[in-house]
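Written below as structure tokens is the structure these notes are about.
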Amino acid sequence: MSSVFKNVKVQMQNALRFCKIHPNTQKVLATPQNRILFSFPVQLSKGMDVLQGYRVQHNNWLGPYKGGLRFHPDVNLDEVDALASWMTYKCALQDLPFGGAKGGLAIDPSKYNKEDMDAIVRQFTRGLYDHVGSNKDIPAPDVGTNGNMMNKMMDEYNVIHRGTGHVKSVFTGKSVECGGSHVREEATGRGVALCVEQWAFDQNIDLEGKTFVLQGFGNVGKYAAKVLEEKGMKMIGMADHSVCLYNPQGFSVMELFEYMRSNSSLKEYGQGTALKSKDELFDLECDVVIPAALEMQISEENAKTMKCKVIVEGANGPVSPEADEIFAQRNIQVVPDILANSGGVLVSYYEWVQNKHEEVWSEQDVREKLDYKMGDAYRKINELSKNRNCTMREAAFVYSLEKLDNVYRKRNV
Ligand code: NAD
């Protein structure tokens, strides 16, 4: 079976050709600090079940562990190791005072009714309780989880916690009413779209009328598509877990937003032509491809035939290391996940700061901060890639590795 964690290690090794990192830093980063596996019983409408929860805490040199919780049938330890490691590099890249973590459950949320899902969320929080905390490890939403679940996790945490006041800053990605930040819901997708804009600016390309293809119309994908449509781009291909669709005239993103309010997939959407596979989707003639679903979606085979000018990774780890090499040879730029989808953790950080200081920042204030930091991060990594003559992924890892290495050296050398 292919290993996603191995891909992270390959990405790290590739970057090491362009920087000088202390061997001990390399050794520490190669293995997560804590791998927490816990099973817990939960009373469901069909009887009692025992579920297996995961939390991997990769590294906390820069601050408390930070990373999402994924509810998806394919969740496994290898995947969580990889996702936790990417969080360490992502937080370092954005100069945040956070380390990296990830967790989840191997379940399909669509198979449970609301009452059962609530019971799972609360029991899962009980299992996590000892391992998370406002200055220790701060989870957030990821695939299959959402703001509503974060509200319940925060509530359950406080039911157990008792005594020292209501703690909001232990989970981010909450609804605004429950102490969440304005702009958090749209932050990751907006950040992805801002990377497309920065790329176009760098290449002297006008986005008006340009085309994009999107895989995954969830939290990340739909907000990226919305912002790109506002910038005049056309979404000519899109997919979710149920279907891949093509429409050379372009889909209406706002109409899709409405459709997804009352539907759980695109299967019955009924517009555009159905494609046979994701390979056909990625192969479409277009300017930008945005994979915003899961890891390992774009293989070496896809890379040989894809026709876009740039790939902006909304998802974590969607492009394999072999595909990366081919894109580099073919001069197709890849804006890497740890940069492109870092808008989410950025606004999670703003949420954490607001919670800690009992502040509420305005929507405009948060959006301006997000836009500025995403543009700044894109430019610094793009410049570094030019200076070191490496890909943007290598440059992103170089930046983060050097930052982490500085901490190691200052403490130990
Ligand atoms: P989500 O659950 O809101 O949406 C996931 C989307 O992917 C859905 O449209 C689903 O139908 C689709 N999908 C699932 N399996 C698929 C498959 N096999 N083929 C095609 N489509 C499939 O999740 P999300 O929060 O949008 O996360 C998407 C990606 O972005 C993940 O890799 C996640 O780790 C990453 N990410 C999310 C955030 C965040 O703030 N939510 C932040 C950074 C990175």
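Just so it is clear, none of the values below were taken in a lab; they were calculated from the coordinates. Keep in mind that this is a model prediction, so the values were computed, not measured. Counting neighbours? That spans all protein chains shown, and the Cβs are built from the backbone with ideal geometry, glycine included.
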Subject >> Proximal charge balance of D81 [Cβ under 11 Å; K/R count +1, D/E count -1] >> reply: +2
Original post:
What residues qualify as long-range amide H neighbours of Q333, i.e. H under 5 Å apart, gap of 5 or more or another chain, H built at 1.01 Å from N?
Top reply: I311
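Tell me, what is the FRET efficiency for D155 and A274 to the nearest 0.05, using R0 = 45 angstrom and their Cβ-Cβ distance as r?
Values: r = 42 Å, r/R0 = 0.93.
With R0 = 45 Å, the Cβ-Cβ based efficiency is 0.60.
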Subject >> Pairs of Cα atoms farther than 26 Å apart, the range 192-311, % >> reply: 13 percent
**OP:** Taking every Cα atom in the range 257-393, find the radius of gyration and the maximum pairwise distance Dmax, and write them in Å.
**Re:** 18.1, 52
Subject >> Positive-end residue, the range 146-233 charge dipole about Cα centroid, Cβ charges, pick of N148, L207, A224 >> reply: N148
Original post:
Between K307 and residues 5 or more places away or on another chain, which pairs have amide H atoms under 5 Å apart, with H built 1.01 Å from N, and which residues are they?
Top reply: C286
**OP:** Starting from the amide H of N59, placed 1.01 Å from N in the peptide plane, find each other amide H under 5 Å away whose residue is 5 or more places distant or on another chain.
**Re:** Q33, G100
Original post:
Hey, which lysines would be in cross-link range of K304, C-alpha to C-alpha under 20 Å, not counting anything within fewer than 8 residues on its own chain?
Top reply: K276, K278
Original post:
When the Cα centres of the range 173-223 and the range 85-159 are compared, how far apart do they sit, in Å?
Top reply: 22 Å
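Can you give the FRET efficiency for A106 and K304, using 1/(1 + (r/R0)^6), R0 = 45 Å, r = Cβ-Cβ distance, to the nearest 0.05?
With R0 = 45 Å, the Cβ-Cβ based efficiency is 0.85.
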**OP:** Give the share of C-alpha pairs in each 10 angstrom bin for the range 1-115, from 0 to the last occupied bin, in whole percents, shortest bins first.
**Re:** 13, 39, 28, 14, 5, 1
Original post:
How long is the gain from N76 to K114 if the chain were fully straight, where each residue apart is worth 0.36 nm and the alpha carbon distance is subtracted?
Top reply: 11.3 nm
Original post:
Based on DSSP, what percent of beta bridges with both residues in the chain are antiparallel, to the nearest 5?
Top reply: 50 percent
Original post:
What Kirkwood hydrodynamic radius do you get for the range 181-413 when you take the inverse of the mean 1/r over all pairs of distinct Cα atoms, in Å?
Top reply: 18.3 Å
Subject >> Extension reserve of the Y372-K20 stretch, reckoned as 0.36 nm per residue once the Cα distance is removed >> reply: 123.8 nm
Subject >> Per-bin percent of Cα-Cα distances, the chain [10 Å] >> reply: 5, 23, 33, 27, 10, 1, 0
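Show me the GluC sites (Glu not before Pro) within the range 311-377 that DSSP assigns to loop and that have at most 16 other Cβ atoms within 10 Å of their Cβ. Spell out each step's value before the answer.
Values: sites: E313, E322, E325, E351, E358, E359, E363, E368; in loops: E313, E358, E359.
When the GluC sites (Glu not before Pro) of the range 311-377 are filtered for loop state and at most 16 Cβ neighbours within 10 Å, E358, E359 remain.
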Original post:
Give me the log10 of I(q) over I(0) for the range 125-218 at q = 0.17, 0.21, 0.24, 0.25 Å⁻¹, as the Debye formula computes it from C-alpha points; what are the numbers?
Top reply: -0.79, -1.01, -1.22, -1.29
**OP:** Could you give log10 I(q)/I(0) at q = 0.13, 0.29 Å⁻¹ for the range 262-317, computed by the Debye formula over C-alpha point scatterers of equal weight, without solvent?
**Re:** -0.38, -1.27
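Roughly speaking, what is the stretch gain from N146 to N412, that is 0.36 nm per residue apart minus the C-alpha to C-alpha distance, in nm to one decimal?
Stretched out fully, the N146 to N412 stretch lengthens by 91.8 nm.
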Subject >> R35-S262 FRET efficiency (beta carbon distance; Förster radius 51 Å; 0.05 resolution) >> reply: 0.80
Original post:
Each label point is 7 Å from the Cα along the Cα-to-Cβ direction; what then is the distance between the points at Q52 and Q364, in nm?
Top reply: 5.2 nm
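If you take the Cα Rg of the range 32-178 and divide it by 2.2 N^0.38 Å, with N the number of residues, what do you get?
Its radius of gyration relative to the 2.2 N^0.38 Å reference: 0.99.
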Subject >> Around I160: net Lys/Arg minus Asp/Glu count, Cβ-Cβ under 14 Å >> reply: +1
